[in-house]
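Undergrad: For reference, the structure I am asking about is given below.
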Amino acid sequence: MNIHEYQAKELLATFGIPVPAGHAAMSADEAVAAAQQLPGPLWVVKAQIHAGGRGKGKFKELGPDAKGGVRLARSIDEVRAAAEDMLGNTLVTAQTGPEGKQVQRLYITDGVDIAQEYYLALLVDRDSGRIAMVVSTEGGMDIEAVAHDTPEKIETLTIDPATGFMPHHGRAVAAALGLSGDLAKQAGQVAAKLYDAFLGTDASQIEINPLAVTDGGELLVLDAKVGFDSNAMFRHQDLAALRDLSEEDPMEIEASKHDLAYIKLDGDIGCMVNGAGLAMATMDIIKLNGAFPANFLDVGGGASKEKVTAAFKIILADAAVKGILVNIFGGIMKCDIIADGIVAAAREVDLKVPLVVRLEGTNVAEGKAILANSGLPIVAANDLGDAARKIVAEVKQVA
C-alpha cells in the first residue's frame, strides 16, 4: 500500500525525522489558506499522486508549454493560480503511463534554500533478507538513470536484524554522502530514525529524494515516497486509513475484496492461476508464444466457486481481454472442485471470449471430465506449453 507525499512526511515527522512545514489542500481556497499559515515568501505547490517525476510531468489539459506538478510560488496569488491549474487536471509522468492521473490533492510547503541534494532509500534486500540502505550523492535525479549511467555513485549497505541499526551504519551513510562534522552527525541521526520508521510501520520502501542540505546547514527530507507491506496492515489500522482508493486501479480494489492477488497489465490474454510462481511462468510462456498477458491473477491455494467467479468477473472487466487462460495445479485445491467453479463462473458471466484450461494434479481426470461434459466451448490443454499455444491461436482467430 502506498501513501501520498504529505502523508509520508507527516508520518516520518512522528519519528523525529526533519521535514519542512507544509499542509495538504483539496481546493484552491485551501491551498491559499495553507500558504498563509507558512512564513513564505517562497512556497512550493506540489501535486499529490502516487507517481514520481511530478516536477517534469505535463498536464494533459494545459498544453505542452504548461509547468509541471511541482511549482514555486512567490506570492499568494501564484499559489492560487498553481492550485487552480493543477486540481482536477490529469498529470502525465514517466511513471503514470500516457493515461496519467487526475490531481485531487495538493501539498503546500515552505520554500527551502538548497545547498546540496542527496538520495537515501530503505528497501528489503531479498538476497540477504535484510533491510538495505541505498545511498547516493546524486539526489534530485532519476535514480534508475544514475544506476544505469554512473553506478559507482550508488552505495548499498545492509543491516543485520540481530543488531539493528548501529552507529557505524550512520557513519557509513555520512561517508557515502561525503558529509563531515555536524552534517555527518545529522545524517547518522536521520538514517537511524528512518530505520526505526521502516521497522515500526512494516514498510516495504522509504525513498527520500532529495535529502537536502539547506544553506543554513540543516539536513531536511524534501520529498518522501513510502510504501507498506499490505499483508501487515492488520497491525496498523491507522496507516490503513491513509489508503487513497482513487489512486488505485478499480479492478485491483475489487480483487482485494475477494483476497485475490491481481495486477493489471497491458496485454489481451487474461490469466487465472493458483500460485505466484506458476502465474509468473504462465505470463512468461504467453510472451514466449508472441502474445502479452492482460494481468497477473493468483487465486491462491484454496479457491472456492465464489472466488473463481469473482476472478472471472475481474478479468472480463478489462475491455482489452480477448481470451482467458486458466492454469491450475491441483494440490490443496482439487481439480474437480476448480472445474466446477470454472463451469459455474463461465455460465454466470456469459463468457464470450475464448477460454483455455490446463488442469493438473489431484483429481485431474474428474476435473477434465467436468469441463468436457459442460457443453461450454472450453478448450482443454495437456500442459502449459500446449495451453499457451492454444490461447494465443484462439485470440488471433478472434482478432
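The values are calculated or read from the model by the stated rules, or taken from the named source; none is laboratory data. Since the structure is predicted, the reported quantities are computational estimates derived from the model, not experimental observations. Heads up, the Cβs are rebuilt from the backbone with ideal geometry, glycines too, and the neighbour counts pull from every protein chain shown. Ligands, DNA and RNA are excluded from the accessible area calculation, which covers all protein heavy atoms including side chains. Shrake-Rupley method; radii C 1.70, N 1.55, O 1.52, S 1.80 Å.
Undergrad: Rounding to the nearest 20 debye, state how big the charge dipole of segment 223-341 is about its Cα centre with +1 on each Lys and Arg Cβ and -1 on each Asp and Glu Cβ.
TA: Numbers: 11 positive and 18 negative charges, 73 e Å.
Here segment 223-341 has a charge dipole of around 340 debye.
Undergrad: Using only the heavy atoms of the protein chains and a 1.4 Å probe, how would 287, 58 rank by accessible area, largest first?
TA: 287, 58
Undergrad: Counting helices only, and only those DSSP H runs with n ≥ 4, report the 222 nm mean residue ellipticity of the chain as the sum of -39,500 (n - 2.57) divided by its residues, in deg cm²/dmol to the nearest 500. Walk me through the numbers on the way to the answer.
TA: Details: 13 runs with 142 residues, N = 399.
Computed mean residue ellipticity for the chain: -11000 deg cm²/dmol.
Undergrad: Quick one: helix 181-200 against the long Cα principal axis of the chain, what's the angle to the nearest 10°, folded into 0 to 90?
TA: Roughly 30 degrees between the two axes.
Undergrad: Next up: I need the calculated FRET efficiency for the pair residue 306 and residue 205, taking r as the beta carbon distance and R₀ as 30 Å, to the nearest 0.05.
TA: On the way: r = 34 Å, r/R0 = 1.12.
Efficiency at R0 = 30 Å is approximately 0.35.
Undergrad: For segment 249-345, compute the number of Lys pairs whose alpha carbons are separated by less than 23 Å, excluding pairs fewer than 8 positions apart on the same chain.
TA: 16
Undergrad: Could you give the length gained on full extension between residue 166 and residue 241, defined as 0.36 nm per residue of separation minus the Cα-Cα distance, in nm? Walk me through the numbers before you get to the answer.
TA: Details: separation 75, 0.36 × 75 = 27.00 nm, distance 3.24 nm.
Between residue 166 and residue 241, full extension yields 23.8 nm more.
Undergrad: Same structure again: Pulled fully out, how much extra length does the chain show between residue 27 and residue 320, if you take 0.36 nm times their separation in residues and subtract their Cα-Cα distance? Don't jump to the answer; show the numbers that get you there.
TA: Details: separation 293, 0.36 × 293 = 105.48 nm, distance 3.50 nm.
Computed gain between residue 27 and residue 320 is 102.0 nm.
Undergrad: If DNA, RNA and ligands are ignored and the probe is 1.4 Å, what is the ranking of 238, 249 by accessible area, most exposed first? Working shown, then result.
TA: Details: 238 105, 249 45 Å².
Largest to smallest exposure gives the sequence 238, 249.
Undergrad: Find out how many positive minus negative residues lie around residue 187, taking Lys and Arg as positive, Asp and Glu as negative, among other residues whose Cβ is under 12 Å from that of residue 187. Working shown, then result.
TA: On the way: positive: 171, 185, 193; negative: 182, 218.
Computed value for this residue: +1.
Undergrad: Same structure again: Consider a paramagnetic label point 7 Å from the Cα of residue 232 along Cα→Cβ; state which residues of segment 186-211 have an amide N under 11 Å from it.
TA: Inside the label zone: 196-206.
Undergrad: Which residue, chosen from 230, 364, 190, occupies the Cα position most advanced towards the positive end of the dipole of the chain, where the dipole is computed from +1 (Lys, Arg) and -1 (Asp, Glu) charges on Cβ about the Cα centre?
TA: The one lying farthest along the dipole's positive direction is 364.
Undergrad: Kindly express, to the nearest 10 degrees and within the range 0 to 90, the angle between helix 167-177's C-alpha long axis and the longest C-alpha principal axis of the chain.
TA: Between the helix axis and the principal axis of the chain, the angle is about 80 degrees.
Undergrad: Suppose the chain between residue 313 and residue 365 were pulled fully straight at 0.36 nm per residue; how much longer would it get relative to their current alpha carbon spacing? Could you put the intermediate results ahead of the total?
TA: Working: separation 52, 0.36 × 52 = 18.72 nm, distance 2.65 nm.
Once the chain is fully extended between residue 313 and residue 365, it gains 16.1 nm.
Undergrad: Still on this structure, I have one more. Rounded to the nearest 0.05, what FRET efficiency do residue 152 and residue 374 give with R0 = 51 Å and r taken as the Cβ-Cβ distance? Could you check?
TA: Values: r = 60 Å, r/R0 = 1.18.
With a Förster radius of 51 Å, E is 0.25.
Undergrad: Specify which residue in the list 335, 13, 241 is farthest towards the positive end of the charge dipole of the chain, using unit charges on the beta carbon of Lys, Arg (+1) and Asp, Glu (-1), about the Cα centre.
TA: After comparing all options, I get 335.
Undergrad: To the nearest 20 debye, what is the magnitude of the charge dipole of the chain about its Cα centre, counting +1 on the Cβ of each Lys and Arg and -1 on the Cβ of each Asp and Glu?
TA: 780
Undergrad: Right, another one. With every protein chain in place, what's the accessible area of residue 50 (1.4 Å probe, Å², nearest 10)?
TA: 40
Undergrad: If N is the number of residues in segment 313-399, what value comes out of its Cα radius of gyration divided by 2.2 N^0.38 Å?
TA: Working: Rg = 12.4 Å, N = 87, 2.2 N^0.38 = 12.0 Å.
Taking N as the residue count of segment 313-399, the ratio is 1.04.
Undergrad: If you take the square roots of the eigenvalues of the alpha-carbon gyration tensor of segment 1-129 and sort them as a ≥ b ≥ c, do you get rounded (a/c under 1.5), prolate (a/b over b/c) or oblate?
TA: Numbers: a/c = 1.85, a/b = 1.20, b/c = 1.54.
Judged from the Cα gyration tensor, segment 1-129 comes out oblate (a/c at least 1.5, b/c at or above a/b).
Undergrad: Can you compute the FRET efficiency between residue 144 and residue 398 using 1/(1 + (r/R0)^6), with r the Cβ-Cβ distance and R0 = 41 Å? Round to the nearest 0.05. Don't skip to the end; give the middle numbers.
TA: Values: r = 37 Å, r/R0 = 0.90.
Efficiency computed from Cβ-Cβ geometry: 0.65.
Undergrad: Something else now. Sorted by accessible area with a 1.4 angstrom probe, largest first, how do 383, 336 fall? Provide the component values of the computation, followed by the final result.
TA: Details: 383 70, 336 35 Å².
So, going from the largest accessible area down, we get 383, 336.
Undergrad: Something else about it: What percent do you get for the relative contact order of the chain when only Cα pairs under 8 Å and 6+ apart count? Walk me through the intermediate numbers first.
TA: Numbers: 819 pairs, mean separation 47.7, N = 399.
Taking the mean separation of contacting Cα pairs over the length of the chain, I get 12 percent.
Undergrad: Enter the angle in degrees (range 0 to 90, nearest 10) between the Cα long axis of helix 76-86 and the first principal axis of the Cα atoms of the chain, meaning the one along which they spread out most.
TA: That helix lies at roughly 10 degrees to the long axis.
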